[in-house]
Amino acid sequence: MSTKVLLINGPNLNLLGLREPHIYGHTTLKDVEEAARKQTESYGLTLEAFQSNNEGAIIDRLHEARRKCKFIVINPGGLTHTSVALRDALLGIEVPFIEVHASNIHAREPFRHHSYLSDKAVGVICGLGVFGYTAAFDFVAQKLGMTAVLK
Ligand code: DHK
């Protein structure tokens, strides 16, 4: 059976590439998901991708991943800074995760400096634009032993 990994994007990331491109860049979410699919396939992993603007839908999707997905890469959008429920869901499913932000949240408004997830993440990537997703999946592949080169 193939090893599944999950990419989650939270609120407003459906507008990636369109909204505030000076902050989030010009690459669309569709492009990010396609690139992640090819990248993970090249490592022999199977990608599941999910975006929602609804906190409950994201939590439901995380619950589905319990015991099915081996790793999660998540850009929680604004929920990063507000959601105890999202933190609880990630802890509850016991699937390791990497937190990704396209922008450098520490160089932005003070309310973006705190994350409810970071202390529980395997790692946090921010400020690298959409390359952050690529870096995260390279790390995931390494962690899951899918690449001899990075082992
Ligand atoms: C995306 C968002 O939508 C913001 O709410 C976060 C994050 C930052 C990003 O940089 O990808 O504060």
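The values are calculated or read from the model by the stated rules, or taken from the named source; none is laboratory data. As the structure is a computational prediction, the values presented were derived from the model and not from experiment. Counting neighbours? That spans all protein chains shown, and the Cβs are built from the backbone with ideal geometry, glycine included. To get the accessible areas, we keep the full protein, side chains included, count just its heavy atoms, and leave off ligands, DNA and RNA. Shrake-Rupley method; radii C 1.70, N 1.55, O 1.52, S 1.80 Å.
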Among the residues of segment 58-83, how many are within 16 Å of the ligand (Cβ to nearest atom), among the hydrophobic types (A, V, I, L, M, F, W, C) and either surrounded by fewer than 18 Cβ atoms within 10 Å (Cβ to Cβ) or outside any helix (DSSP H, G or I) (or both)?
3
Among the numbered criteria (1) under 15 Å from the mean Cα position of the chain (by Cα); (2) more than 25 Å from SER2 (Cβ to Cβ), which one does ILE74 miss?
(2)
Just to verify a result, which residue in segment 30-50, among those that are of a type in the set (S, T, N, Q) and touching a residue at least 60 places away in the same chain (Cβ under 8 Å), is least open to solvent (accessible area, probe 1.4 Å)?
THR40
I want to confirm something. Restricting to segment 1-29 and keeping residues that are surrounded by fewer than 13 Cβ atoms within 10 Å (Cβ to Cβ) and assigned to a helix (DSSP H, G or I), which single residue is nearest to the ligand (Cβ to nearest atom)?
ILE23
Going through segment 107-120 one residue at a time, which ones are farther than 20 Å from VAL84 by Cα and assigned to a helix (DSSP H, G or I)?
ALA107
It is to be established whether one or more residues within segment 40-47 are away from the ligand (no atom under 16 Å from the Cβ), of a type outside the set (Gly, Ala, Ser), in a helix (DSSP H, G or I) and out of contact with any Lys or Arg (no Cβ under 7 Å at 6 or more places or on another chain).
yes
Quick one: would you say GLY145 is part of a loop (DSSP other than H, G, I, E, B) and touching a Gly at 6+ places or on another chain (Cβ under 6 Å)?
no
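Would you tally the residues in segment 84-106 being assigned to a helix (DSSP H, G or I) and not charged (D, E, K, R)?
Going through segment 84-106, the residues assigned to a helix (DSSP H, G or I) turn out to be 84-93, 105-106.
Going one step further and asking which of them are not charged (D, E, K, R), we end up with 84-86, 89-93, 105-106.
Of the residues in that region, 10 qualify.
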Going by the conditions given, is LEU128 among the hydrophobic types (A, V, I, L, M, F, W, C), surrounded by 15 or more Cβ atoms within 10 Å (Cβ to Cβ), touching a strand residue (DSSP E or B) at 6+ places or on another chain (Cβ under 9 Å) and without any contact (Cβ under 8 Å) to a residue 60 or more places away in the chain?
yes
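Select from segment 84-99 the residues that are open to solvent by less than 40 Å² (accessible area, probe 1.4 Å) and closer than 14 Å to ILE8 by Cα and write down the one among them that is nearest to the ligand (Cβ to nearest atom).
Going residue by residue through segment 84-99, those that are open to solvent by less than 40 Å² (accessible area, probe 1.4 Å) are 86, 89-90, 93, 95, 97-99.
This time we only want the ones that are closer than 14 Å to ILE8 by Cα, so: 86, 89-90, 95, 97-99.
Numbers: LEU86: 13, ALA89: 18, LEU90: 16, VAL95: 21, PHE97: 15, ILE98: 13, GLU99: 10 Å.
Per the stated criteria, the residue is GLU99.
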May I ask you to list the residues in segment 100-135 that are more than 12 Å from the ligand (Cβ to nearest atom) and within 25 Å of SER2 (Cβ to Cβ)?
ALA121, VAL122, GLY123, THR134, ALA135
